[in-house]
Structures are given as C-alpha cells and as structure tokens.
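I have placed the structure first, in the form of structure tokens, so that the comments after it can refer back to it.
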C-alpha cells in the first residue's frame with residue numbers, strides 16, 4: 001500500500017483505468033489514513049465517509065462504463081475549507097461559519113467533481129485565509145507532519161499537511177499572498193498559484209478579491225499540471241475570470257531546459273533569507289545549470305514595498321468582503337443582544353478571531369474618509385510599480401527563481417505574538433499576487449532540523465505551462481518531492 | 001426679507017430589465033418574500049456579481065436622451081454600511097466615475113399664458129443596485145427581511161441645484177418621469193417604488209451667492225407629496241432662520257398624514273461609506289459603436305416630436321405637449337393621423353384628447369387598451385370632414401365602434417342608416433312638413449319667441465333621427481319663416 005500513497009496521479013489514474021484498483025479501495029485507503037493520523041495533525045476539519053464512498057462508487061461506475069471518464073476519475077482529493085461544497089460544511093476556519101452548509105458548489109469543486117474526483121473532506125486553514133502558520137484557525141492549528149511542534153505554514157496549511165502526510169494525493173488551495181506556496185514549501189510539496197483570473201473565484205470565499213487565486217497542491221509538478229487542467233477555465237459567474245482557450249498544462253512538461261534563462265532578483269537573495277534556506281536554493285540553482293539553464297541577475301527594485309502595500313490592499317478588501325458575515329441570514333449569531341447594533345457587534349466580536357478582527361480594523365481604517373488617498377490609493381500605485389518591475393525583469397529571463405519562504409517551518413508560537421514578523425513570512429511570495437503573476441513552490445532540499453525548503457518559481461503572465469516544465473525537469477533529476485515524513489504511524 | 005428657494009433632485013429610476021443588475025434573478029414586482037433572491041442576492045459566502053448588460057443599455061439610452069456625456073470607462077464602487085436588508089454589507093454603486101454625466105432636461109412650469117420654460121441641468125446619472133426591504137409590520141418585536149428587491153437595477157439621476165420652487169421641482173420630476181417611460185427604461189410606477197425622488201432643499205436671502213444649508217427629503221413617491229413636502233420644508237427653514245436658528249444639515253422624512261417633514265438623522269450621524277472600487281467587477285467600458293447601436297434604437301424624443309407637431313401640423317404648444325405625454329398616446333395619434341390625413345390634424349387631435357381620453361379615463365383604460373383603434377377613430381373624423389355625418393352622429397358612431405358594433409365608421413353608418421341627409425330638396429320637403437304640423441310654434445316665433453325656433457329645429461332633426469345637416473335645416477327654416 002505504501003507505493004499507492006506515494007504514487008503519482010498519473011500512475012493512480014492508470015491503475016484505476018486498468019481496473020487494477022477501484023476508486024472505493026483507493027478512497028478507503030486514504031479515509032483510513034485520515035482516521036488514524038488526522039487526530040495528531042488536525043489537517044481535516046470535516047470528513048464524511050459515506051459521502052466520500054458514494055462519490056467513489058459513482059466514479060467506479062464511470063470507470064467501468066468508460067463513459068465520461070477522465071484522467072482524474074476516481075482519484076481522491078480534499079478541498080481547502082474556503083471552497084463552498086454543496087452538502088458539506090464550509091467553515092473557512094472560522095467560528096462564524098462553523099455550522100454553515102453551502103447550498104452550492106464552488107466552480108473549482110464543480111469542475112473537479114465533474115472530472116470524477118472523489119472528495120475526501122474539507123481541510124483546515126487559517127481563519128478566512130488570514131495567516132501564515134495555520135494558528136488562526138478556529139478549529140485549532142494544523143501540525144507540520146515533518147515535526148508536529150512546527151507550523152505547516154498558511155493559510156492552506158491543512159492542504160499542505162494532508163498531502164505531506166499522504167492523507168490525500170491532491171488538494172485544492174488558495175493563495176492571496178503566498179497561501180499555497182509558503183505551506184507547500186514548509187511541508188515539502190509542490191503547489192501552484194495560477195495567473196490571476198485563470199481559476200474561477202466563484203464559490204471561493206473571498207479574502208482579498210483582487211489577489212485571491214485558487215490552485216492545486218500535490219506531490220509533484222506533473223500532478224499539479226493534471227489538476228490545473230481540470231481547475232482552470234473561464235467561468236461567466238466570475239467577472240475577473242479570463243476568457244481564454246483551454247490549455248493543456250502538461251504540454252511542455254518534458255521540454256529540455258537548455259538555454260532557459262532563470263532570473264535571480266537580487267532583492268530575494270539578501271539578508272532576510274536564513275542560511276540553511278540559502279544553501280538549499282543555491283544547490284537547486286546549481287542543478288538547473290547542470291540541466292542547461294543559465295542564471296541572470298535581475299532586479300525588482302520595488303519589492304521592498306510589497307508587504308506594506310499588501311497589508312493595505314488585502315485588509316481593505318477583506319474589511320468589505322467580510323461585512324456579509326453579520327449574523328442576519330446565516331452563520332453565527334450572538335445568543336443575546338439588546339438591539340440591532342448589538343446583534344452585529346456581538347455576533348462579529350464573538351464570531352471572528354483576533355487576526356481577522358485586526359485586518360478588518362486595518363482595512364476599515366485605510367478606507368476611511370480622509371485616509372483613503374494616503375493609504376489605499378498609494379498602495380494601488382505601488383502595486384503598479386511592482387508589476388512594472390516584473391515586466392522589466394521578464395525582458396531578461398524566462399522565469400524568476402528564489403526562496404519561497406525566508407525560513408523553514410518555525411515552532412508554534414514563535415511568530416504569533418508579533419503580527420509583523422508573521423507578515424514577513426510572505427515577503428517573497430506577496431509581490432506575485434500584487435502583480436497577478438503565477439508562482440510555484442517545489443521542494444529543493446532540507447534545512448535546519450531536517451525541515452523542507454521550498455524553491456519558488458515565478459512565471460510570466462500565463463506562464464503556467466513553462467513553470468510546470470521547469471519544475472518537472474528538476475523533479476525528474478531530483479527526488480526531494482518523493483520524500484515523505486517518517487514516524488507518523 | 002425675500003427668500004430664494006434652491007432645490008436639487010435625486011431620482012432613483014428602477015430599470016426595466018428582465019433580471020437583476022448583478023444576478024440572474026427576476027425583478028418582477030409582487031412575488032412572495034425572498035423567492036426572487038438567489039445565492040448572489042442573499043450574499044452567500046463565495047458568490048460574485050456579474051453585470052447585466054441590459055442595465056448598461058438603459059443608462060446609455062438615458063444619457064443620449066438628455067444630451068449627456070457617456071463615460072468610455074466608468075467604475076463600480078462599494079458603498080459600505082451595515083443594514084439587515086443590505087445582504088453584502090455594501091451596495092454596489094458608482095462613485096468617482098459615473099456612467100452618465102452632464103446633460104439636462106427642458107421643462108415647462110405652469111400652463112397656458114403663464115407657462116414658462118426652463119432648463120434643468122443634470123450633474124450625473126449612475127448605475128447601482130437596490131437594497132432589500134425591511135418589514136416592520138406583521139412581526140411583533142421583530143423585523144422581516146424581503147430580499148426580492150435586493151439587486152434590482154437602479155439609475156440614480158442627480159440634478160444641479162437648479163430649481164427655484166416646488167412647482168419647478170414637480171415639473172422637472174414629471175418631465176423626467178415621462179422621459180424614462182418614453183425611452184422604455186423604467187415603468188414609472190411610483191406606487192411600487194419604480195420611480196422615487198429625494199429633494200435637497202435650502203433657502204437663501206434673495207441675491208446671495210452662496211447656497212444655504214440643505215436638508216434632504218427622502219423617498220417622495222408622488223408628485224403631490226413632493227409639492228407638499230417642499231412647500232412645508234421651505235416654510236419651516238425660513239421660520240427657523242427668521243427666528244435666529246441656523247439650519248443643520250440633515251436627512252428628513254415627509255409624513256403625508258401630517259403634511260410635515262421631520263428629521264431622520266443629522267450630519268453627525270452620517271455614515272463614512274468607505275467607497276472603493278469593487279475588485280469583483282471590471283471597469284465598465286462603453287465604446288462609440290455600442291453607443292451608436294443603442295442610439296439607433298432610440299425612439300424620437302418627446303421634445304422633438306412636440307416641435308414637429310407644432311411646426312408641421314400647426315397644433316398649439318398645449319396640444320403638442322398633451323399628445324406627447326406618453327409614447328403610447330403619441331403613437332396612437334400618429335397612427336390616426338396617418339389614416340385620417342394631415343389636413344385633419346386638428347380634429348384628430350381633438351378627438352384623441354377629448355372624447356377618447358375622457359372615455360378611456362372613465363373606464364380606467366390605458367390608450368394601448370383602447371377598444372377603438374386609431375384607424376377606426378380616423379374613419380370617424382374622415383366622415384365628419386366629408387359631411388357624411390354630423391359631429392353629434394359622430395359621437396354615436398364612436399360609441400358603436402367602442403362597443404364593437406362594426407368594423408369601421410362606414411360599416412356602422414351604413415348599418416344604422418346614419419348617413420347625413422344633405423339633399424336640399426329632401427330637407428326642404430321636411431321643413432315644410434314640420435312647419436305645417438307645428439303651427440303653434442310658428443305662431444309663437446313670429447310673436448318674437450326665439451325659443452320656438454329652436455323647437456322647430458328640434459322637430460326637424462327628430463323627424464330625420466338626427467341625420468339632416470343641422471346647418472341646412474336652420475338656414476331653410478329661417479328662410480321660410482322670414483320670407
């Protein structure tokens with residue numbers, strides 16, 4: 001069975017298609033692992049064996065008839081609890097939605113269900129995706145499978161931990177400032193944030209609308225390509241979804257890397273990066289040179305402004321996006337209140353956690369009359385400068401590389417008392433969201449305490465296939481992505 | 001002291017689209033609570049708005065009709081505030097860059113000899129979504145929320161502070177009300193809230209340049225209330241100032257029962273709406289080709305039509321205005337005119353505005369529901385013009401056609417034998433008979449009783465059941481009696 005939990009999606013797909021393995025058997029394998037290992041990891045908020053097995057049986061029927069079967073039919077996946085799933089609880093990691101059952105499916109869920117994937121459950125996350133360590137979840141922190149005293153990263157920490165511990169072969173995540181890439185790095189897996197607009201946001205609970213983007217998380221780039229094929233595509237229900245021809249993101253996987261120009265922004269290789277991360281990243285770059293790539297120095301002069309600009313724009317949008325959680329129509333409502341104002345204030349005070357409140361306060365402040373120009377407008381201008389930096393850099397190179405995170409996974413509580421330290425955990429990932437660019441993280445070695453290190457690849461707009469190619473060739477030459485944390489069982 | 005009144009109006013016109021401005025729900029009025037509220041309207045987690053193209057077409061139509069500038073790029077913004085009937089906690093509206101800016105409406109204040117013309121400039125018109133309804137009745141100690149209306153498309157039309165009296169404000173509101181229906185963007189139903197006005201009212205000493213402090217009267221849903229509310233508010237403000245109290249900026253409500261306005265909230269309670277561009281929606285881009293396409297489908301506007309009626313048809317300004325009160329009325333008139341001939345413009349106008357309007361009004365029918373078609377009415381007018389029937393008989397023909405007794409005037413006249421007798425010989429014989437049979441009346445007339453003459457005319461008309469030409473009868477009688 002251990003080869004099954006480590007199998008690529010392609011191999012699982014082949015086994016299912018050949019009827020060597022049934023979808024029910026495969027789902028049961030992972031459900032059993034979840035039952036056994038999740039109590040220690042807390043990666044899942046909700047599981048429902050009956051629902052999962054019903055979906056698996058349907059997948060088996062499809063596989064048997066061959067009618068409508070896809071490369072993903074029968075393959076289990078789990079969803080970050082930010083995606084609305086019909087009939088499943090969708091909490092967004094918050095008390096305010098602790099009992100919310102969505103009457104509709106997110107576009108991403110619809111598409112993966114439509115492709116025949118089997119839902120294993122809903123994954124833990126930082127509350128409303130606000131956090132970089134999964135410590136803000138109302139349902140308790142997720143543990144890093146490589147060391148349960150360390151954080152898995154965030155906000156898609158449940159997704160990362162689940163794949164890392166082989167509780168699921170694939171998962172969905174969302175990335176507003178690094179929430180797919182940073183936990184992928186900290187848990188030793190591969191995650192991709194597509195170009196803004198490639199994956200529909202419909203049914204993905206909004207944190208910061210202009211930055212949020214859903215994407216796949218899996219063991220390898222090849223798996224991510226397969227998943228992205230099913231997740232991407234125009235959706236008329238999302239006005240920011242891009243109307244482009246459907247792509248096969250696997251098409252360039254095998255392309256040789258000879259002559260590939262890798263841009264190394266000097267701003268990403270400065271003092272902020274820990275030495276152990278630097279060693280692993282440098283080794284990865286050496287490997288790329290062996291594969292025929294050349295590295296060039298580039299500059300992103302405004303990248304130092306990305307964290308402050310992000311912490312104006314994201315809270316501003318969040319303060320408005322989260323207004324709908326008011327206790328009127330659904331979600332948590334305070335048990336006692338004297339009047340309408342108190343119903344609002346108590347429901348929200350009791351329903352939201354501290355980090356969410358902090359960001360609502362910041363966002364409300366920066367949008368206030370008299371402050372809007374100084375904060376929000378200024379941040380939007382910086383955003384344009386940052387995008388301009390990337391435009392200039394991509395004239396010199398095909399992809400950009402650097403560390404995903406300045407450090408390996410840190411211990412619980414290490415940064416949670418100081419929000420600014422926590423915000424700096426996303427220093428290398430935030431600028432891609434501000435520019436709307438695609439980004440990836442893939443495992444490239446181990447650092448202090450044998451914790452995984454992630455290599456970040458930033459692509460040009462719509463450069464997903466190129467990034468996946470670059471990641472896949474590296475993964476063919478290395479085996480970091482096949483490593484699995486020990487001692488879990 | 002002499003006071004000058006300054007009024008600006010903000011009007012919310014509900015747009016006649018099939019579905020909501022950012023979702024596919026129906027906007028039909030009167031459905032059971034919350035059945036026309038889908039996932040987007042009730043703001044479930046994760047849902048997103050998608051702009052309804054038809055709402056934009058309505059805005060373009062309006063912009064063209066008032067000679068305004070249509071922005072090539074306008075922005076939807078979020079207006080943030082908490083209220084139970086505002087599901088998202090923000091309203092999607094337009095703030096810094098509205099879709100329509102500038103333009104204006106020519107209005108006529110008063111009627112007849114004292115009528116004056118005025119041009120009211122528009123500041124802007126922008127697209128936005130309506131909120132739901134809070135129902136405070138029927139729920140003891142609780143509030144019911146109906147989200148059917150949430151997301152209904154509105155065009156908010158804002159004027160410059162150009163009006164100087166309640167009469168001008170009402171004249172503007174009526175003209176706007178007619179226009180939005182004319183161009184087919186709003187049904188104008190004020191009872192159902194499809195057309196609601198807010199009036200910003202201030203007063204200042206005559207001759208003073210700066211505006212006085214304004215108070216905004218919210219939700220005026222009839223022209224009568226608008227007049228009453230503004231008149232009361234103006235007098236209240238003048239009294240306050242004359243008694244030494246300064247006006248505080250405020251939002252007020254008009255109570256139709258007392259005829260008074262009362263303060264709802266002061267400036268201190270005003271929200272900070274924290275407007276910012278809605279990141280869920282792209283900028284609205286309107287190219288010249290789209291504007292041209294919409295413009296091509298726009299009907300002739302009432303003002304142009306009035307000028308045509310007055311110029312080409314020689315109708316009075318009043319008639320031209322009455323006939324263009326609605327597009328349906330104008331269409332009926334034009335159809336009748338086409339059938340009756342332009343030389344009959346005046347009688348056609350009189351019949352449409354007179355007999356037809358009165359009858360429709362009496363029966364509570366709109367002109368589109370008229371049992372009498374424009375062609376049938378034209379037939380009646382033609383037969384008067386060619387002396388086939390008298391005006392009096394024409395009314396009977398009209399009644400018969402109204403009742404469906406015949407396909408056209410000619411068929412009714414034929415079937416009823418109502419053709420006017422114009423043969424002089426026949427009428428002369430008749431007059432002789434009448435004179436012979438009514439010697440007493442002849443006697444009285446000759447003795448100086450004018451009334452007796454009328455009795456003789458009446459007898460003659462009665463003998464022909466009204467078919468004799470009354471003028472010919474009168475002339476012949478006079479001739480014979482006088483001779």
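The values are calculated or read from the model by the stated rules, or taken from the named source; none is laboratory data. It should be emphasised that the depicted structure is a prediction, and the values quoted were computed from it without experimental measurement. So basically every Cβ, Gly included, is an ideal-geometry build from the backbone, and we count neighbours across all protein chains shown.
Please state which one of A:173, A:154 is part of a loop (DSSP other than H, G, I, E, B), touching a helix residue (DSSP H, G or I) at 6+ places or on another chain (Cβ under 7 Å) and under 25 Å from residue A:440 (Cα atoms).
On the way: A:173 fails: part of a loop (DSSP other than H, G, I, E, B).
One residue alone meets the criteria, A:154.
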Open item on the list: When the residues of the stretch A:183-235 are narrowed to those that are in contact with a helix residue (DSSP H, G or I) (Cβ under 7 Å, 6 or more places away or on another chain), within 25 Å of residue A:455 (Cβ to Cβ) and within 14 Å of another protein chain (Cβ to nearest Cβ), which ends up surrounded by the fewest Cβ atoms within 10 Å (Cβ to Cβ)?
Closed with: A:211
Task: Among residues of the stretch A:236-256, those that are touching a helix residue (DSSP H, G or I) at 6+ places or on another chain (Cβ under 9 Å) and within 14 Å of chain B (Cβ to nearest Cβ), counted - done: 3
- [ ] Return yes when residue A:429 is surrounded by fewer than 18 Cβ atoms within 10 Å (Cβ to Cβ) and either under 28 Å from residue A:301 (Cβ atoms) or in contact (Cβ under 8 Å) with a residue 60 or more places away in the chain (or both) and no when it is not.
- [x] no
TODO: Answer yes if at least one residue in the stretch A:265-276 is under 26 Å from the mean Cα position of the chain (by Cα), more than 14 Å from chain B (Cβ to nearest Cβ), buried (at least 19 other Cβ atoms within 10 Å of the Cβ) and free of Cβ contacts under 8 Å to residues at least 40 places away in the same chain, and no otherwise.
DONE: yes
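Would you confirm whether any residue within the stretch A:394-403 is out of contact with any strand residue (DSSP E or B) (no Cβ under 7 Å at 6 or more places or on another chain) and either without any contact (Cβ under 8 Å) to a residue 60 or more places away in the chain or assigned to a helix (DSSP H, G or I) (or both)?
First, the residues of the stretch A:394-403 that are out of contact with any strand residue (DSSP E or B) (no Cβ under 7 Å at 6 or more places or on another chain): A:394-395.
Add one more test, that the residue is either without any contact (Cβ under 8 Å) to a residue 60 or more places away in the chain or assigned to a helix (DSSP H, G or I) (or both), and what stays is A:395.
Yes.
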Open item on the list: Tell me yes or no: at least one residue of the stretch B:29-39 is surrounded by 22 or more Cβ atoms within 10 Å (Cβ to Cβ) and under 16 Å from residue B:283 (Cβ atoms).
Closed with: no
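Hey, can you tell me all the residues within the stretch A:356-373 that are within 13 Å of chain B (Cβ to nearest Cβ) and part of a helix (DSSP H, G or I)?
From the stretch A:356-373, those within 13 Å of chain B (Cβ to nearest Cβ) are A:360-373; that's our starting set.
Once the filter is applied, which keeps residues that are within 13 Å of chain B (Cβ to nearest Cβ) and part of a helix (DSSP H, G or I), the stretch A:356-373 yields A:360, A:361, A:362, A:363, A:364, A:365, A:366, A:373.
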- [ ] Looking for whichever is within 12 Å of residue A:466 (Cα to Cα) and either in a loop (DSSP other than H, G, I, E, B) or touching a strand residue (DSSP E or B) at 6+ places or on another chain (Cβ under 7 Å) (or both) here; the options are A:228, A:264, A:253. Which one fits?
- [x] A:253
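Picking from B:157, B:185, which residue would you name as being surrounded by 23 or more Cβ atoms within 10 Å (Cβ to Cβ), touching a helix residue (DSSP H, G or I) at 6+ places or on another chain (Cβ under 6 Å) and either assigned to a helix (DSSP H, G or I) or at pLDDT 95 or above (or both)? Give the steps one after another, and end with the answer.
Numbers: B:157 fails: touching a helix residue (DSSP H, G or I) at 6+ places or on another chain (Cβ under 6 Å).
Of B:157, B:185, the one residue that is surrounded by 23 or more Cβ atoms within 10 Å (Cβ to Cβ), touching a helix residue (DSSP H, G or I) at 6+ places or on another chain (Cβ under 6 Å) and either assigned to a helix (DSSP H, G or I) or at pLDDT 95 or above (or both) is B:185.
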- [ ] With the checklist (1) part of a helix (DSSP H, G or I); (2) within 14 Å of chain A (Cβ to nearest Cβ) in hand, flag the one item residue B:279 doesn't pass.
- [x] (1)
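Hey, does the stretch B:238-248 have a residue that's more than 14 Å from every other protein chain (Cβ to nearest Cβ), closer than 24 Å to residue B:177 by Cβ and modelled with pLDDT of 95 or more?
no
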Open item on the list: Restricting to the stretch B:252-271, give me the number of residues that are surrounded by 13 or more Cβ atoms within 10 Å (Cβ to Cβ) and either out of contact with any strand residue (DSSP E or B) (no Cβ under 9 Å at 6 or more places or on another chain) or in a loop (DSSP other than H, G, I, E, B) (or both).
Closed with: 1
Open item on the list: Filter the stretch A:307-338 down to the residues that are without any contact (Cβ under 8 Å) to a residue 12 or more places away in the chain and more than 11 Å from chain B (Cβ to nearest Cβ) and list them by number.
Closed with: A:335, A:336, A:337, A:338
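Would you please name the residue that is nearest to residue A:377 (Cα to Cα), looking only at residues in the stretch B:63-96 that are more than 14 Å from every other protein chain (Cβ to nearest Cβ) and surrounded by fewer than 18 Cβ atoms within 10 Å (Cβ to Cβ)?
Residues of the stretch B:63-96 that are more than 14 Å from every other protein chain (Cβ to nearest Cβ), as a first pass: B:63-74, B:94.
With surrounded by fewer than 18 Cβ atoms within 10 Å (Cβ to Cβ) added as a condition, the list becomes B:67, B:69, B:72-73.
Working: B:67: 33, B:69: 26, B:72: 22, B:73: 18 Å.
Among residues in the stretch B:63-96 that are more than 14 Å from every other protein chain (Cβ to nearest Cβ) and surrounded by fewer than 18 Cβ atoms within 10 Å (Cβ to Cβ), the one nearest to residue A:377 (Cα to Cα) is B:73.
Modelled with pLDDT of 95 or more, touching a helix residue (DSSP H, G or I) at 6+ places or on another chain (Cβ under 8 Å) and within 20 Å of residue A:34 (Cα to Cα): does that describe residue A:116?
Working: modelled with pLDDT of 95 or more: yes; touching a helix residue (DSSP H, G or I) at 6+ places or on another chain (Cβ under 8 Å): yes; within 20 Å of residue A:34 (Cα to Cα): no.
Spelling it out, it is not the case that residue A:116 is modelled with pLDDT of 95 or more, touching a helix residue (DSSP H, G or I) at 6+ places or on another chain (Cβ under 8 Å) and within 20 Å of residue A:34 (Cα to Cα).
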TODO: Would you check if residue A:376 is within 13 Å of chain B (Cβ to nearest Cβ), under 20 Å from residue A:209 (Cβ atoms), modelled with pLDDT under 95 and in contact with a strand residue (DSSP E or B) (Cβ under 9 Å, 6 or more places away or on another chain)?
DONE: no
Task: Single unsatisfied condition, residue B:346 versus (1) within 14 Å of another protein chain (Cβ to nearest Cβ); (2) farther than 30 Å from residue B:94 by Cβ - done: (1)
Task: Whichever residue in the stretch A:76-91 is under 16 Å from the mean Cα position of the chain (by Cα) and more than 10 Å from chain B (Cβ to nearest Cβ) and, among such residues, is nearest to residue B:47 (Cα to Cα) - done: A:81
Open item on the list: From the list A:304, A:402, A:353, exactly one residue is modelled with pLDDT under 95 and more than 11 Å from every other protein chain (Cβ to nearest Cβ). Which is it?
Closed with: A:304
